[in-house]
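Accompanying notes for the structure given below.
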Amino acid sequence: SAVISQKPSRDICQRGTSLTIQCQVDSQVTMMFWYRQQPGQSLTLIATANQGSEATYESGFVIDKFPISRPNLTFSTLTVSNMSPEDSSIYLCSVVGTGIHEQYFGPGTRLTVT
Amino acid sequence: GQNIDQPTEMTATEGAIVQINCTYQTSGFNGLFWYQQHAGEAPTFLSYNVLDGLEEKGRFSSFLSRSKGYSYLLLKELQMKDSASYLCAVVLTNTDKLIFGTGTRLQVFP
């Protein structure tokens, strides 16, 4: 299984600012995803982070608000831009392992916007 | 659109058996995952079903009926540490994207 780390683990940010979350994997992976989990809710897919090209966003999520980088097969960043209290969530990255449809999650970044 | 439903909350007693249901209507289907998530932690993999039938793994079993759009997770010999949220997630066709259900919060009482 892949070992995934995220930075920061948590942060408290002011309205209108931006935060960049890093996701690092201990091995090369083809597929990386970013999810959001709002308080008391299940996970919602934000986008697929594509290596060397623009991320693919799900309905309701746009690049201007959630720019994503994927410079190589082990690293990705998600930026939450111009934050509002509604962006307070846990943000998780996930990767697909070498087995059939194995998918693992990072520990998450708990974001609070005041 | 995609629709995956689970009961919101369930309670059970230590040592008992509990079944958590998941029904889905999605634009494609390439398998179904069950994850366990303790409060404040990331989801951890429990099972993956792509063919109809029952998959057993220790105290946990997962069942799938593709024709009915239905799955369940069966937890036997419940322990206090099984108190957690249980998430079912459908893999869409030709992708590795997971669409998650609403999640079921299970509380196990002594």
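Things to note:
- Unique match (being in contact (Cβ under 8 Å) with a residue 60 or more places away in the chain and assigned to a loop (DSSP other than H, G, I, E, B)) among B:Gly15, B:Gly40: B:Gly15
- Residue within segment A:104-112 that is out of contact with any Gly (no Cβ under 7 Å at 6 or more places or on another chain) and free of Cβ contacts under 8 Å to residues at least 24 places away in the same chain present: no
- Test: residue in segment A:9-23 that is at pLDDT 95 or above, within 14 Å of chain B (Cβ to nearest Cβ) and surrounded by 13 or more Cβ atoms within 10 Å (Cβ to Cβ): yes
- When each of B:Ser83, B:Ser71, B:Ser67 is tested for being among the polar types (S, T, N, Q), away from chain A (no Cβ under 14 Å) and surrounded by 20 or more Cβ atoms within 10 Å (Cβ to Cβ), the lone residue that passes is B:Ser71.
- For B:Trp34, the conditions (1) more than 10 Å from chain A (Cβ to nearest Cβ); (2) at pLDDT below 95; (3) within 23 Å of A:Met31 (Cα to Cα) are fulfilled apart from (2).
- Of all the residues in segment A:54-111, those that are touching a strand residue (DSSP E or B) at 6+ places or on another chain (Cβ under 7 Å), of a type in the set (A, V, I, L, M), more than 13 Å from chain B (Cβ to nearest Cβ) and within 18 Å of A:Gln37 (Cα to Cα) number 5.
- Single residue of segment B:18-31 satisfying the filter (in a strand (DSSP E or B) and among the hydrophobic types (A, V, I, L, M, F, W, C)) that is farthest from the other protein chains (Cβ to nearest Cβ): B:Val18
- Within segment B:44-94, tally of residues that are in a strand (DSSP E or B) and either more than 11 Å from B:Phe33 (Cα to Cα) or among the acidic types (Asp, Glu) (or both): 13
- Set B:Leu32, B:Leu87: member being among the hydrophobic types (A, V, I, L, M, F, W, C), closer than 19 Å to A:Leu92 by Cα and under 9 Å from the mean Cα position of the chain (by Cα): B:Leu87
To keep it simple, each residue is scored yes or no on (1) of a type in the set (Gly, Ala, Ser); (2) surrounded by 15 or more Cβ atoms within 10 Å (Cβ to Cβ); (3) closer than 27 Å to A:Arg110 by Cα.
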position	(1), (2), (3)
B:Ile17	no, no, no
B:Ala42	yes, yes, yes
B:Phe45	no, yes, yes
B:Arg59	no, no, no
B:Gln79	no, no, no
B:Cys88	no, yes, yes
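- Taking (1) at positive phi; (2) away from chain B (no Cβ under 11 Å); (3) modelled with pLDDT under 95 in turn, A:Asn50 satisfies each apart from (1).
- Odd one out for B:Phe109 among (1) within 14 Å of chain A (Cβ to nearest Cβ); (2) on the phi < 0 side of the Ramachandran plot: (1)
The values are calculated or read from the model by the stated rules, or taken from the named source; none is laboratory data. Computed from a predicted structure; not experimentally measured. Cβ: placed from backbone, ideal geometry, glycine included. Neighbour counts: every protein chain shown.
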